[in-house]
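The values are calculated or read from the model by the stated rules, or taken from the named source; none is laboratory data. Fair warning: this is a prediction, and the values are worked out from it, not measured in the lab. Here the Cβ positions follow ideal geometry from the backbone for every residue, glycine too, while neighbour counts run over all protein chains shown.
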Amino acid sequence: MMQQFAEWLSQTSLSVLIQTHNAWVIPTIQSIHIVAISVVLASVLMIDLRVLGWAGHDQTLRETANRFGPWLSRALLVLLVTGVLMVVGEPARELLSFSFCLKMFLVGVGTLIAAIFQITLKSNEHHWEQTLVKRRIVKSLAILTLLIWVSVVILGRLIAYDYVWGSWSLKPTA
Amino acid sequence: MDITGFLASLESSSLATGIRDSLYVFPLIESLHVVGLTMVFGTMLIVDLRLLGIASIRRPFTSITSDIMKWTWASFIWTAATGVLMFITNASVYYHNFFFRTKIVLLALAGINVLIFELTSGRTVHRWHKDAAAPLAGRTAAILSLLLWITIIVMGRWIGFTTSQSKAPLDRDINLDDLFTPPANESGSPK
């Protein structure tokens, strides 16, 4: 089914347009995608370091979240747009790749964690500052979140090398 | 030893051969290179935006740098190391590649930019670290840093498209059998 969808997508006019200019369009979109993921990674790093108590001592949790939260969500939006363009431009390369599917799952988990953090911090700042941030489980979650986004970057690059997953890759073998 | 001989000896080193012989090591190194460079650019962006007075303006410049620069430097060393590992697998091709050469020149310029900043606004940091933005020299350094690093990222991406036949998006019609059974005449290029 995914293969049929990829085939259909590759025949849409936008896809054909990207394919005709792929020599410069694809690297350009990829470069913007990398710049945006840098913003995500650095923003998550700074929030997580603050939760862990390794940085931002002069800032409250709220101040840190207010500084990096909007950059995080805007960068995610840029990633979504450039990501969709790459899928449309090269449907089979992305949709049939195991790296891509696992990456999308982790992007979902990472975004969900970030959203829950922002929402609960907004509604219950005191509880976050006084209790939650000191809990071991919350600190572990901060490290996990960072690892999730690092894995997203790794999987993003591995889309170009989907054979590393052997039979897990949906790409046709011949 | 001339440069051609040097590049050839890098390529034939056991480290380079080992990376080339594996189907998995080069993709892994390349992925870790991207992790490193996103950390370098992302953390530097925070510092540059602070210099320009665009973000974190209520925090003293020095508390930002003391939080961040250690991560930037560690990531830079990480990225340089993984970059060297990729370089040696196909040294002569990278060495003659236009985008690779441009990237190295830009990296050198980025280094000089940091040096000039340290000798100008960096020297008077105690006078302006609580101001919303840095003096002109500091703001100029921030703009140059952003332009240089974005171009470095773009150049890096273009190296991938111009040095190896197995990189995206050329793998659309790839035949897995070709990948798993290396051709008899080993070309020596990274998979």
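Taking the residues in region B:56-75 that are among the hydrophobic types (A, V, I, L, M, F, W, C) and surrounded by 19 or more Cβ atoms within 10 Å (Cβ to Cβ) as candidates, determine which candidate is farthest from B:T120 (Cα to Cα).
Of everything passing the filter in region B:56-75, B:W71 is farthest from B:T120 (Cα to Cα).
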Next item on the list: Taking A:G83 as the residue in question, decide whether it is surrounded by 14 or more Cβ atoms within 10 Å (Cβ to Cβ), over 19 Å from B:L146 (Cβ atoms), within 12 Å of chain B (Cβ to nearest Cβ) and not polar (S, T, N, Q).
Entry: no
Check: With region A:85-159 as the region, which helices (runs of 4 or more DSSP H) entirely inside it contain at least 1 residues that are closer than 24 Å to A:I34 by Cβ?
Finding: A:91-95, A:98-123, A:136-158
Next item on the list: Quick one: count up the residues across region B:76-96 that are surrounded by fewer than 17 Cβ atoms within 10 Å (Cβ to Cβ) and closer than 27 Å to B:I46 by Cβ.
Entry: 4
Notebook entry, point to check: Are any residues in region B:144-175 touching a helix residue (DSSP H, G or I) at 6+ places or on another chain (Cβ under 9 Å), at pLDDT 90 or above, more than 7 Å from chain A (Cβ to nearest Cβ) and farther than 13 Å from B:I104 by Cα, and if so, which ones?
Noted result: B:L144, B:S145, B:L146, B:G160, B:T162
Check: For region B:1-38, which residues satisfy the criterion of being within 14 Å of another protein chain (Cβ to nearest Cβ), assigned to a helix (DSSP H, G or I) and out of contact with any helix residue (DSSP H, G or I) (no Cβ under 7 Å at 6 or more places or on another chain)?
Finding: B:L28
Checklist line | Selection within region B:61-82 - in contact with a His (Cβ under 6 Å, 6 or more places away or on another chain) and either more than 13 Å from B:L32 (Cβ to Cβ) or away from chain A (no Cβ under 12 Å) (or both) | finding: B:F61, B:T62
Check: Can you find even one residue in region B:61-76 that is in contact (Cβ under 8 Å) with a residue 12 or more places away in the chain, assigned to a helix (DSSP H, G or I) and touching a Phe, Trp or Tyr at 6+ places or on another chain (Cβ under 8 Å)?
Finding: yes
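For A:R74, indicate whether it is of a type outside the set (A, V, I, L, M, F, W, C) and at pLDDT 95 or above.
The answer is yes for A:R74.
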Item checked: Scope region A:139-174; condition more than 9 Å from every other protein chain (Cβ to nearest Cβ) and among the β-branched types (V, I, T); matching residues -> A:I143, A:T145, A:I148, A:V152
Next item on the list: Determine which member of the set A:W24, A:W54 is closer than 21 Å to B:G160 by Cβ, surrounded by fewer than 19 Cβ atoms within 10 Å (Cβ to Cβ) and either among the hydrophobic types (A, V, I, L, M, F, W, C) or modelled with pLDDT under 95 (or both).
Entry: A:W24
Note to self: Please pick out the residue among B:R101, B:R139 that is surrounded by 15 or more Cβ atoms within 10 Å (Cβ to Cβ), modelled with pLDDT of 95 or more and in a helix (DSSP H, G or I).
What the structure shows: B:R139
